[in-house]
Amino acid sequence: MLAVLIMALAACNQGNEKKKEVVSDTAATNEMHVEEGMKIFARMQADKIATSKDSVMLTFSVYNPTDSVQQFCKWHTPFEPLMSKYLDIKDENGNEASYKGAMAKRVSPPPADSYVKVSPKETLSTKTDLLLGYDLKQGHTYTLTYNSENMSGLVARDTVSFEYKK
């Protein structure tokens, strides 16, 4: 039990080292369809064609379209070091890419330092290399979806597709 607690706390501390980009993105947020009552949400982006053998980058952005500070749990998001399988990635044949990253067991409820605040009308973005946690094969087209809404509190309804070229 102590090892699980230490691992969870270490993940929270390491997450603070990850570069977070704060963007005042009012125009972009206004252009997106924001559902009635939606407080905070996420969007994912990747290049349509990935050609590097060294990295396949995903941009994960959290938007706060409201007039008040909102927060989300960074667990099961790219805002912490890779500690869980928060994406479902499937190739064009429906085969799921193998997850090869860590799988942390967490204490519940998450401690206060596991939450990230997003100021009104702002966006937080981070990038992560999908090759660090998923076994992607060149020559395939992949579609990914975010699967950890229940843990983080973030809704990310979009899917991202990209071709991983040889």
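Per-residue answers, yes or no, for (1) assigned to a loop (DSSP other than H, G, I, E, B); (2) in contact with a strand residue (DSSP E or B) (Cβ under 9 Å, 6 or more places away or on another chain); (3) small (Gly, Ala, Ser):
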residue: 120; (1), (2), (3): yes, yes, no
residue: 123; (1), (2), (3): no, yes, no
residue: 126; (1), (2), (3): no, yes, no
residue: 138; (1), (2), (3): yes, yes, no
residue: 143; (1), (2), (3): no, yes, no
residue: 151; (1), (2), (3): no, yes, no
residue: 157; (1), (2), (3): yes, yes, no
residue: 162; (1), (2), (3): no, yes, no
residue: 166; (1), (2), (3): yes, no, no
Count of residues meeting criterion [more than 16 Å from residue 152 (Cβ to Cβ) and either without any contact (Cβ under 8 Å) to a residue 12 or more places away in the chain or touching a Pro at 6+ places or on another chain (Cβ under 6 Å) (or both)] in the stretch 94-126: 3
When residues of the stretch 122-138 are limited to those that are surrounded by fewer than 20 Cβ atoms within 10 Å (Cβ to Cβ) and over 12 Å from residue 44 (Cα atoms), the one modelled with the highest pLDDT: 122
Considering residues of the stretch 66-80 that are surrounded by 21 or more Cβ atoms within 10 Å (Cβ to Cβ) and out of contact with any strand residue (DSSP E or B) (no Cβ under 8 Å at 6 or more places or on another chain) only, the residue farthest from residue 156 (Cα to Cα): 80
Residue match in the stretch 98-109 (condition: in a loop (DSSP other than H, G, I, E, B), in contact with a strand residue (DSSP E or B) (Cβ under 7 Å, 6 or more places away or on another chain) and surrounded by 13 or more Cβ atoms within 10 Å (Cβ to Cβ)): no
Selected residue [small (Gly, Ala, Ser) and under 25 Å from residue 111 (Cβ atoms)] from 153, 139: 153
Any hit, the stretch 80-87, residues being small (Gly, Ala, Ser), under 23 Å from residue 164 (Cβ atoms) and in contact with a Lys or Arg (Cβ under 6 Å, 6 or more places away or on another chain): no
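Residues are listed down the side, and each one gets a yes or a no for (1) of a type outside the set (Val, Ile, Thr); (2) out of contact with any helix residue (DSSP H, G or I) (no Cβ under 8 Å at 6 or more places or on another chain); (3) at pLDDT below 95:
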| residue | (1), (2), (3) |
| --- | --- |
| 28 | yes, yes, yes |
| 41 | yes, yes, no |
| 45 | yes, yes, no |
| 82 | yes, no, yes |
| 104 | yes, no, yes |
Any hit, the stretch 139-153, residues being closer than 19 Å to residue 44 by Cα and surrounded by fewer than 13 Cβ atoms within 10 Å (Cβ to Cβ): yes
Single condition residue 69 does not satisfy, out of (1) closer than 23 Å to residue 40 by Cβ; (2) within 12 Å of the chain's Cα centre (by Cα): (2)
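The values are calculated or read from the model by the stated rules, or taken from the named source; none is laboratory data. As the structure is a prediction and not an experimental result, all values here were calculated from the model. Note that we place each Cβ from the backbone using ideal geometry, even for glycine, and neighbour counts take in every protein chain shown.
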